[in-house]
Structures are given as C-alpha cells and as structure tokens.
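Values in this text are rule-based calculations from the coordinates and carry no lab data. Everything quoted here is computed from the prediction, not taken from an experiment. When we count neighbours, we look across all protein chains shown, and the Cβ atoms used for this are built from the backbone with ideal geometry, even at glycine.
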Amino acid sequence: MRFLFLIFAVFTIVEIAVLVKVGEMIGGWNTIALVLLTAFIGSYFVKREGLQTLQVAQEKMQRNELPGNEIVQGLMLVVAGVLMVTPGFVTDILGILLVLPGTRHYMASHVSKHMKARVVTSGGFGQGPFGPQGNPFDQGPSQQGPQHDSNGDVYEGQYTDKTEQDDNHRLR
C-alpha cells in the first residue's frame, strides 16, 4: 500500500513539473490547448482501436475460440483511455504507448504469458474442481454433451445430493 502511494505521489509530482516546464516554454494557454488536443486525439484513437479489437474478439468467439489476448488488449485500451484524458504529458505518452498496435500487442502477449503461467502454477496439473487439469471449459469424459429428454428439451447441469451427505454426517 505504501509502495502504491509512493508511486502515485512521485508520478503526480513529475506530471506537474513537466506541465510547468512546458508552460514556461510555450505559455500557459498553449499548454492547456495542447493537453486538451491530446485528450481528444487520444480518445479518438482509443475508440478506433477498441472497436477493431472488439471486432477481432467477436470473430474469434464465432469460431469458438477464446479471445484471451483481445480481452487483455481491451483492458489496456481502457487504461490508455483513462491515461489519455488525464491532464498531463507523461500520462499521454503512456497512453499513446498502450494505444499503438505494435506496443499494445507486445505488452499484451507478455501479460497473457504471465497470466497463463500464474494460472498453470496455481491450478496445478491434477484433477481440479472443473475437470481435468482444472480447466472450466473441459467437461471431462463423464459429460460428452447435453442430455435430451423425450420432448427434445436440453437439460444441462451438475448437482450434489445433499440428503446423502446429511445422512452420512448423522451416522458418524
């Protein structure tokens, strides 16, 4: 918590110092105009890249693929949008780095690898609560597909019979 506070405090001081320095060089009103201009340009690019990322994610979902990388990129675009509309030049530079496709793809791939490594190491390789390897999307060999009744209705789900568990606890 202290580390996070220290980062925000130092970051704010650096941002103010840069704004003052730029204001001294080009003037106060020009600095304000430049900050507003970068906010409008940044919001345009965030919107454009966000729609493009959403379209790719929808295409992957239609092909029954998980859009994991696109979700990470979408989160990065949200952060970029917040950074771009925050007044200041340091936040604008960080926002631009997250908006540019090349740096965003590079950063998203590293974040995705890091997240996958954490899921694999925390989930283990044994039988998890969801199925083999702890994968919530793998139903395992016991459930090959939905069950149909005589009317053709589909009933899916899992249940635990609590009455048997209660009887076992009473016998002990």
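Ordering Ala57, Ala33, Gly23 by the projection of their Cα atoms onto the charge dipole of the range 12-61, which places +1 on the Cβ of Lys and Arg and -1 on the Cβ of Asp and Glu, puts Ala57 at the extreme positive end. With contacts taken as Cα pairs under 8 Å at a separation of at least 6 residues, the range 63-108 carries a relative contact order of 38 percent. Think of each Lys and Arg Cβ as +1 and each Asp and Glu Cβ as -1; about the Cα centre, that makes the dipole of the range 38-120 roughly 220 debye.
Here the Kirkwood formula puts the hydrodynamic radius of the range 4-87 at 15.1 Å, using every distinct Cα pair. Here the peptides 58-65, 46-53, 100-107 are ranked by packing, the mean other Cβ count within 10 Å, and the order with the highest first is 46-53, 100-107, 58-65.
Structural descriptor for the range 38-120: relative contact order 33 percent, calculated from alpha carbon pairs under 8 angstrom and at least 6 residues apart. Measuring r between the beta carbons of Ile13 and Lys116 and using R0 = 30 Å, the FRET efficiency lands at 0.25. Put a dot 7 Å past the Cα of Lys21, heading toward its Cβ, do the same for Val79, and the two dots end up 2.4 nm apart.
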